[in-house]
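**Q** Sharing a structure, written as structure tokens. Questions coming.
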Amino acid sequence: MSDTIETPSGAMPASRTRFGSNSGQPMTRRDGVLKVTGGATFAADNHPEGMLHAVYAAATISRGRVTSLNVDAARAHPGVVEVLTPANRPPLAIDPDTKPYPFAFRTEVLQDDTVRYAGQPIALVVAETLESATEAARLLSPTYDASPARIDFDTVEPFDPQAVGVGSPPTAEKGDVEAGLAQASHRVDARYETPGQYHNAMEPHAIVATWDGDRLTLDTPNQAIVMSTGSFGAWFGIPAENVTIRSPFLGGGFGSKAIIVGPQILTILAAKMLGRPVKLALRRDQMYGPVGHRGATRQEFRLGVDADGHLTALDHLTTAVTSTFEDFIEPASNASHDLYATPALSSRHKAVRLDIGTPGPMRAPGEASGSAALESAIDEAALVAGLDPLEFRLRNYAETDPASGKPFSAKALRECYAEGAERFGWSKRPLEPRQMRDEAGRLVGWGMGTALFPASMFQANATATLRADGTALVETAGADMGQGAWTALHQIAADGLGLDIGSVEFRSGHSGLPDGGIAGGSGHTATAGNALHAAGTDVIAKLADLATNDENSPLFGAGNVGVEARDGRLYRADDPDRSQSYGEILARAGLAEIEGAGQGGRDPASAEERAMFSHGAVFAEVTIDPDLGQIRVTRLVGAFAAGRIVNPRLATSQLYGGMIWGIGFALHEEAVHDKRSGRIMNANLAEYRVPVNADVPAMDVILVDEHDPHVNPLGIKGVGEIGITGTVGAIANAIWHATGVRFRRFPINIVDLLEGAAAR
Amino acid sequence: MNLFEYVRPASIAEAVAAAGEPGSAYLGAGTNLLDLMKGGVSRPSRLIDLTHLPDLGRIETSPDGSTRIGALVKNSALAHDPDFAKRFPAVAEALLSGASAQLRNAATVGGNLMQRTRCSYFADTASACNRREPGSGCDAIGGENRSHAVLGWSDHCIAVHPSDFCVPLAALGAIVEIEGADGRRKVPLTDFHRLPGDTPEKETVLEAGEMIVAVSLPAEAAAFAGHQRYLKVRERTSYAFALASAAAALRIENGTILEARIALGGVATKPWRSQAAEAVLTGAAPGREAFEKAAEAAFAEARPSGDNAYKIELGKRVVARVLAMAAAGTPERMPALPASPFASETGAKAHV
Ligand SMILES: Cc1cc2nc3c(=O)[nH]c(=O)nc-3n(C[C@H](O)[C@H](O)[C@H](O)COP(=O)(O)OP(=O)(O)OC[C@H]3O[C@@H](n4cnc5c(N)ncnc54)[C@H](O)[C@@H]3O)c2cc1C
Ligand code: SF4
């Protein structure tokens, strides 16, 4: 299979179906046919000549030391080539307990015999077959010197972290919170809990490592392809340019494939040691430990509300879990910075160290957990203020960014509220809970939440080459995680060149291409898209120079009035009858091609002046069986304003995906640890539940028009993560409205409902 | 996964002979067994693949009027057989509430009866588990046991039998046909699975080498077709095991329940028929009061085995509800969400 498509170059064949041209059109995925026919090559589909299989043995204790491994038994198993343990592991160029490159996480690469969490790799077996390696890993039969696992918040003392998330300050203060609370007519003091959640991308992390002398080729899914060449290289003392990463398709990443993790390093090391390509693909259960997760939080709120329903103070304190050896503190309190107007705002974070794998960024890090709690707390505030939850949010609408005081680059949240409420029928909602039943007598409740996500950008480069035949090649090392980069970026690139998408070849997903930046923070389309567009306009500018300076061109002398590029021709801006094709211009200039380059990134001055966010409003209906406690989200409506929408079909899909994730957050997802061993007992997709189709009976997304002239030249914001925010709170609030009971621990499940009903 | 021998017998006799070898295991669709082998939970040295045996894939009516289902009939084929579904609607409903469409398309009748518990300590080879490793202990006791049993458990094992299919089978008096080296025998489904007692590793009455060849439903079971439902409470709308489930089948005439059949799932260590609850209903008028009484009777012996006391109250409510659903009458068509509390095709009738 790996031979049938040219993934190394990342070239995509032309799409078979489309609906119009380029940006703004709801084109279907250009890689769709490849994917549904199995033609798309994922990392684990690569089988280079002579390849070996690696499987690691995972610790079954959460804290302590490995005291023995039966290496002889493993080595004696037929097909086994090598067993790596701390005793024989070859040296690495960097210390895994340091952070030598951007976004480095301390990780486990058999540096010693300590165990820091259950699931940590403690040995790597390399064999001729996967089955052989798997069985030999089992034969290692480790013994341990174990200490009690610290898994619960309450087992350890919290500490004050230096930073939260990826380098954000842990606290923010504005105004006098205590004074604000003292003046308030109403107060909400509430604590919410969110559990550990795991990314569970459909494609488990996989890597195929091939060395050629001191050059390394990696087939591995990666969200930051070019940057990662340097990071991988650092482990082996080779420069970035010696490392090639091929990552044409990712089967989901959600943040977990932006970070380099121990199992990948061990695989590369084994390949080097053995002089043969080595492949490792994590098993599903191995995805619960070494590759990050959304850390559990406890979030305490103190809200003050005056007699008119205006916030007088908002205090959000998050206590988040991290591992014993690395900090990733879920920045949940930051979700309160930019949403509701308040004279006094305080956001703080504490952390506890547990015997768990290090958390990391997971789809809407900070924002998802923070929004779940904040939107619940705001609903509670609306209740004490005696106001409809939408009315309460409108009274506390922030005209400028509450934390920084800056104006918003664009904010169509009011329109989101209005359009979403209208579509949902919110105006018919009774204020009191437990007022609605369906035809079968089940409780029905309506809730809402505000969605918010920063419009982040990274740095990206792109090139464009216009060819003599009027077609073009555009290149950037983008990452398609399933979100549709192969399509959306291609659409933007074609627009930059004034060409139909069918005349433009797009290369991506390969580290040899210009740096496409990070597919993360919902900023990839904005960043790589602006770079590709700029590369195209650079080409067009050069082309226009040629034409307007060419005496024999119909565009001669049009330099002042300008030209427009469209459908492969340049037109005089003031006279559409005067035009010339790209091919003719090149031919007359005697050129085989014209190259251009472009960059994407945030204008620092603009970033300094304005707060930049996507916004949205989510409305949820839940139906609950009053006796049996089973819950179903029977309707979800989300209205989102996220700047310019490049492809409404894909954007809607992203928002659906986020909202469905919100259903999972609200009702399903939770890693369950055995408190004694610390092991996660539901590390599989049967028992770690995510929503299935039957959990999503009706879902509606509204793309609200928003023109944002400041966020970047193309006005693009992100839609990848915002769908989760707002949704979780909307569902929790709907459950309150259905039952009259407030549940403050996620996920909200049947046992909660039964106990909650009993406590009423 | 350990190295194992793969045998593909051509006849039942060959299969049974091959299974005489210690360490052998029968392979149905493998939806349960292969997962357990990959996790090192089951480590058979020989797999005897039954899926190529002739004649075990049929649903037929026997001369005595009973319906005989071959051990290799796929779960979905059985549920979608119109004639079968008409006569045993709760069985079809239970089947369709289990697993996912893909799994049901593969899973066999024999494999469904024989599926192992979903206790997460059973599946985790680093945990102590008497069922997996006799005498090693039971880490579910004192651990994460919210989904464990409140009926039929012992100090040696508290795990739930996970099958949905077996619940209406238990209610309707199904018979398991077994073939072994000594020939064929028949065992009522309610006697087929064993209580854990102090030998939880002995899950069924199958002796070494014996295989299931068929399951039959007696002719008289069809008399319940008009009032027969399965209800399953679970943590998501589909594709989840039961926290508590129940099958109910009633014969109602002139406003009186002549005969009732009730079995429970998700709450007991084996498919759990409750004759005590059935007795409460015999001769009673269908209605809330009788149903709640029956529910009490069904759980009279229940005790929490850990953090699962809620299952007793939940289980009672499931029984009362499924009885009300059965009394309201089997729906004309299979609900779009079989066995779900959200299934009500019958609208308001789903609530008493
Ligand atoms: C994700 C997931 C979700 C599921 N959800 C549900 C659910 O909600 N409800 C539910 O009821 N089930 C559920 N199941 C279980 C499913 O029903 C079983 O896996 C399936 O029925 C087993 O059938 P099989 O043919 O694949 O058996 P196999 O996996 O092949 O075998 C299972 C066992 O039966 C033995 N065996 C097979 N055939 C015979 C025979 N003829 N005689 C003697 N022994 C035999 C095997 O040796 C093995 O021990 C789920 C399974 C999965 C994987
Ligand atoms: S409950 Fe039974 S299956 Fe679960 S660990 Fe205990 S003995 Fe094993």
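**Q** So, with +1 on the Cβ of K and R and -1 on the Cβ of D and E, and no other charges, what is the size of the charge dipole of region B:224-341 about its Cα centre, to the nearest 20 debye?
**A** So the magnitude is around 320 debye.
**Q** Oh, and also: Ranked from the most accessible area to the least, with a 1.4 Å probe and all protein chains present, what is the order of A:Asp154, B:Asp49, A:Asp327? Before the final figure, lay out the partial values.
**A** Working: A:Asp154 120, B:Asp49 10, A:Asp327 55 Å².
Heavy-atom accessible area, descending, gives A:Asp154, A:Asp327, B:Asp49.
**Q** Give me the percent of accessible area attributable to carbon and sulfur for region B:224-341, probe 1.4 angstrom.
**A** Using a 1.4 Å probe with all protein chains present, region B:224-341 comes out at 47 percent carbon and sulfur.
**Q** Also, I was wondering about something else. Please find, in a Gaussian network model of chain B (springs between Cα atoms separated by less than 10 Å), the residue of B:Ala149, B:Ala246, B:Ala181 whose mean-square fluctuation is greatest.
**A** Comparing B:Ala149, B:Ala246, B:Ala181 in a Gaussian network model of chain B, the most mobile one is B:Ala181.
**Q** Calculate one ³J(HN,Hα) per residue across region A:425-436 by plugging θ = phi - 60° into the Karplus curve 6.51 cos²θ - 1.76 cosθ + 1.60, and present them in order as whole Hz with x for glycine and proline.
**A** Residue by residue, region A:425-436 yields x, 4, 4, 8, 6, x, 5, 7, x, 6, 9, 10 Hz.
**Q** Next question. Between region A:366-397 and region B:123-174, how far is it from one alpha carbon centroid to the other, in angstrom?
**A** 43
**Q** Shape call for chain B from the C-alpha gyration tensor, a ≥ b ≥ c root eigenvalues: rounded (a/c under 1.5), prolate (a/b greater than b/c) or oblate?
**A** On the way: a/c = 1.87, a/b = 1.31, b/c = 1.43.
Here chain B falls in the oblate category.
**Q** Also, quick follow-up: Once neighbouring chains are kept in place and the probe is 1.4 Å, which whole percent of the accessible area of chain A is contributed by carbon and sulfur?
**A** C and S fraction of accessible area: 50 percent.
**Q** Still on this model: Hey, can you find the accessible area per residue of the protein assembly as shown for me, probe 1.4 Å, expressed in square angstrom?
**A** 35
**Q** Taking a cut-off of 23 Å between Cα atoms, list the lysines near A:Lys411, but don't count ones fewer than 8 places away on the same chain.
**A** A:Lys174, A:Lys717
**Q** Roughly how far apart, in whole Å, are the Cα centres of region B:1-52 and region A:326-353?
**A** 55
**Q** In region B:110-155, which residues give up 30 Å² or more of accessible area once the other protein chains are added, compared with their chain alone (1.4 Å probe)?
**A** SASA drop of 30 Å² or more in region B:110-155: B:Arg118, B:Ser120, B:Tyr121, B:Asp124, B:Ala126, B:Glu144, B:Arg146.
**Q** Lys and Arg at +1, Asp and Glu at -1: add these up for the other residues within a Cβ distance under 11 Å of A:Phe236 and post the number.
**A** So the environment of A:Phe236 carries a net charge of +1.
**Q** Then there's this: Can you give me the relative contact order of chain A as a percent, contacts being Cα pairs under 8 Å and 6 or more apart? Before the final figure, lay out the partial values.
**A** Values: 2050 pairs, mean separation 123.3, N = 760.
Computed over chain A, the figure is 16 percent.
**Q** Run through the DSSP bridge list for region A:270-414 and note the antiparallel percent, rounded to the nearest 5.
**A** Working: 11 of 21 bridges.
Within region A:270-414, antiparallel bridges account for around 50 percent of the total.
**Q** So what is the 222 nm mean residue ellipticity for chain A from helices alone, if each DSSP H run of at least 4 adds -39500 (n - 2.57) and you divide by all residues, rounding to the nearest 500 deg cm²/dmol?
**A** Working: 16 runs with 186 residues, N = 760.
For chain A, the value works out to -7500 deg cm²/dmol.
**Q** Right, something else. How much accessible surface does A:Val71 have with a 1.4 Å probe, in Å² rounded to 10?
**A** 30
**Q** A further question on this structure: Please report the buried accessible area for the interface of B with A, total over both chains, probe 1.4 Å, in Å² to the nearest 100. Walk me through the numbers before you get to the answer.
**A** On the way: alone 15190 and 27580 Å², together 39300 Å².
Chain pair B/A: roughly 3500 Å² of buried accessible area.
**Q** Continuing with this model, one more query. Only Lys, Arg, Asp and Glu count, each charged at its Cβ (+1, +1, -1, -1), so figure out the dipole size of region A:490-565 about its Cα centre, rounded to 20 debye.
**A** About 260 debye.
**Q** Give me a comma-separated list of calculated 3J(HN,Hα) values for region A:474-486, in order, Karplus coefficients 6.51, -1.76, 1.60 applied at θ = phi - 60°, integers in Hz, x for any Gly or Pro.
**A** Values per residue, Gly and Pro as x: 10, 9, 7, 7, x, 10, 9, 8, x, 6, x, 4, 4 Hz.
**Q** Place +1 on the Cβ of every Lys and Arg and -1 on the Cβ of every Asp and Glu in chain A, take the dipole about the Cα centre, and give the residue among A:Ser147, A:Leu431, A:His707 whose Cα lies farthest towards its positive end.
**A** A:Ser147
**Q** Could you work out the mean count of beta carbons from other protein chains within 10 Å of each residue's beta carbon in A:686-696?
**A** Taking the mean over all residues of the peptide, I get 5.
**Q** First select every other residue whose beta carbon is under 9 angstrom from the beta carbon of A:Thr725; then total the charges, Lys and Arg +1, Asp and Glu -1.
**A** After counting each charged neighbour, the total is -3.
**Q** OK, next. Using alpha carbon centroids, what distance separates region A:22-38 and region A:42-67, in Å?
**A** 34
**Q** If R₀ is 51 angstrom, what is the calculated FRET efficiency for the pair B:Asp198 and A:Asn693, using the beta carbon separation as r and rounding to 0.05?
**A** Numbers: r = 43 Å, r/R0 = 0.85.
The formula returns an efficiency of 0.70 here.
**Q** If you don't mind, there's one more thing I want to ask. With a ≥ b ≥ c the root eigenvalues of the C-alpha gyration tensor of region B:224-341, is it rounded (a/c under 1.5), prolate (a/b larger than b/c) or oblate?
**A** Judged from the Cα gyration tensor, region B:224-341 comes out oblate (a/c at least 1.5, b/c at or above a/b).
**Q** Then there's this: Counting Lys and Arg as +1 and Asp and Glu as -1, each charge on the Cβ, what is the dipole of region B:5-52 about the Cα centre in debye, to the nearest 20?
**A** Its charge dipole is roughly 120 debye.
**Q** Also, quick follow-up: Name the residues of region A:659-679 whose accessible area, probed at 1.4 Å, falls by at least 30 Å² once all protein chains are in place instead of their chain on its own?
**A** Checking the loss per residue gives A:Val672, A:Arg676, A:Arg679.
**Q** Further question on the same structure: Can you list the residues of region A:602-639 whose accessible area drops by at least 30 Å² going from the chain on its own to the full set of protein chains, with a 1.4 Å probe?
**A** SASA drop of 30 Å² or more in region A:602-639: A:Asp625, A:Asp627, A:Leu628, A:Gln630, A:Arg632.
**Q** What lysines could a cross-link reach from B:Lys316, if we take a straight Cα to Cα line under 17 Å and drop same-chain neighbours fewer than 8 places away?
**A** Partners found: B:Lys232, B:Lys293.
**Q** A further question follows. Of B:Gly137, A:Ile238, A:Leu513, which is farthest along the charge dipole of the protein assembly as shown in the positive direction, counting Lys and Arg as +1 and Asp and Glu as -1 at C-beta?
**A** My answer, from the dipole projection, is B:Gly137.
**Q** Is the shape of chain A best called rounded, prolate or oblate, per the rule: a/c under 1.5 gives rounded, else a/b larger than b/c gives prolate, else oblate, with a ≥ b ≥ c the square roots of the Cα gyration tensor eigenvalues?
**A** Values: a/c = 1.88, a/b = 1.07, b/c = 1.75.
Because a/c hits 1.5 or more and a/b fails to exceed b/c, chain A counts as oblate.
**Q** What are the ³J(HN,Hα) couplings of region A:626-632, residue after residue, when phi is run through the Karplus curve with 6.51, -1.76, 1.60 and θ = phi - 60°? Round to Hz, x for glycine and proline.
**A** Coupling constants for region A:626-632: x, 8, 9, x, 6, 10, 9 Hz.
**Q** Test of understanding: in a Gaussian network model of chain B with alpha carbons linked when under 10 Å, which of B:Ala260, B:Ala92, B:Ala219 would top the mean-square fluctuation ranking?
**A** B:Ala219
**Q** Do you know the relative contact order of region A:319-386, to the nearest whole percent, from alpha carbon pairs under 8 angstrom that are 6+ apart? Mind dumping the intermediate values first?
**A** Details: 83 pairs, mean separation 29.3, N = 68.
Worked out over region A:319-386, it gives 43 percent.
**Q** Once neighbouring chains are kept in place and the probe is 1.4 Å, which whole percent of the accessible area of region B:5-52 is contributed by carbon and sulfur?
**A** Answer for region B:5-52 is 53 percent, counting heavy atoms of protein chains only.
**Q** Something else: DSSP beta bridges in chain B, what fraction antiparallel, as a percent rounded to 5?
**A** Around 85 percent antiparallel, to the nearest 5.
The values are calculated or read from the model by the stated rules, or taken from the named source; none is laboratory data. From a predicted model like this one, the values you see are computed outputs, not experimental measurements. Virtual Cβ from ideal backbone geometry, glycine too; neighbours counted across all protein chains shown. Surface accessibility is based on the protein's heavy atoms, side chains included, excluding ligands, DNA and RNA. Shrake-Rupley method; radii C 1.70, N 1.55, O 1.52, S 1.80 Å.
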